[in-house]
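The values are calculated or read from the model by the stated rules, or taken from the named source; none is laboratory data. These figures come from a predicted structure and were not determined experimentally. Neighbour counts are summed over all protein chains in view; Cβ atoms, including those assigned to glycine, are modelled from backbone coordinates with ideal geometry.
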Amino acid sequence: MKRRQFVQDLAVLGVAAGMAPRAALAADDEPTTASTAGGHVGEWGCFNKTPHDVALAWMGDYLSLWKEAGWGWALWNLRGSFGVMDSERADVAYEDYKGRKLDRKMLELLRRN
């Protein structure tokens, strides 16, 4: 499968057989650029019951792929179970931000991408 098509399918179907997105792409040889695979990934995120380190790794993998492909994205929500604020994750050391619980690690990951 060509890399361009794989990146496009990735956003729609996810990764089959539990393979990490970056690892699946490593086997392909066709570069993907904004000119070959434009798009926008809307309403994505990682549910708050997923361990925080796993969520950040998963999010980072996808964000880097989308950045490389020149795609835009929108997080499912700012506040709530998929967001960077008030997500109620049990394994996050939150930072107080104007009376809200901010997940600083997730915010920094999003800002880098």
Just one listed residue, out of Arg111, Arg89, Arg104, Arg100, is closer than 22 Å to Gly39 by Cα and either at pLDDT 95 or above or not acidic (Asp, Glu) (or both), and it is Arg111
Just to verify a result, which residue in the range 41-58, among those that are hydrophobic (A, V, I, L, M, F, W, C) and over 17 Å from Arg79 (Cβ atoms), is modelled with the lowest pLDDT? Val41
Residues that are basic (Lys, Arg) and on the phi > 0 side of the Ramachandran plot, drawn from the range 85-113: Lys98
Search result, residues across the range 75-99 that are aliphatic (A, V, I, L, M) and either surrounded by 13 or more Cβ atoms within 10 Å (Cβ to Cβ) or within 23 Å of His40 (Cβ to Cβ) (or both): Leu75, Leu78, Val84, Met85, Val92
All but one of (1) at pLDDT below 55; (2) not β-branched (Val, Ile, Thr); (3) not in a loop (DSSP other than H, G, I, E, B) hold for Ala23, so report the exception by its number. (1)
When you go through (1) at pLDDT 90 or above; (2) of a type in the set (A, V, I, L, M); (3) in a loop (DSSP other than H, G, I, E, B) one by one for Ala37, which number turns out not to apply? (1)
Gly72: passes all of (1) under 15 Å from Leu107 (Cα atoms); (2) surrounded by fewer than 15 Cβ atoms within 10 Å (Cβ to Cβ); (3) touching a strand residue (DSSP E or B) at 6+ places or on another chain (Cβ under 9 Å); (4) not polar (S, T, N, Q) but (1)
Determine whether the range 64-78 contains at least one residue that is modelled with pLDDT of 95 or more and closer than 18 Å to Asp103 by Cβ. no
Residues of the range 57-107 being of a type in the set (Phe, Trp, Tyr), out of contact with any Phe, Trp or Tyr (no Cβ under 8 Å at 6 or more places or on another chain) and part of a loop (DSSP other than H, G, I, E, B), in sequence order, are Trp71, Tyr94
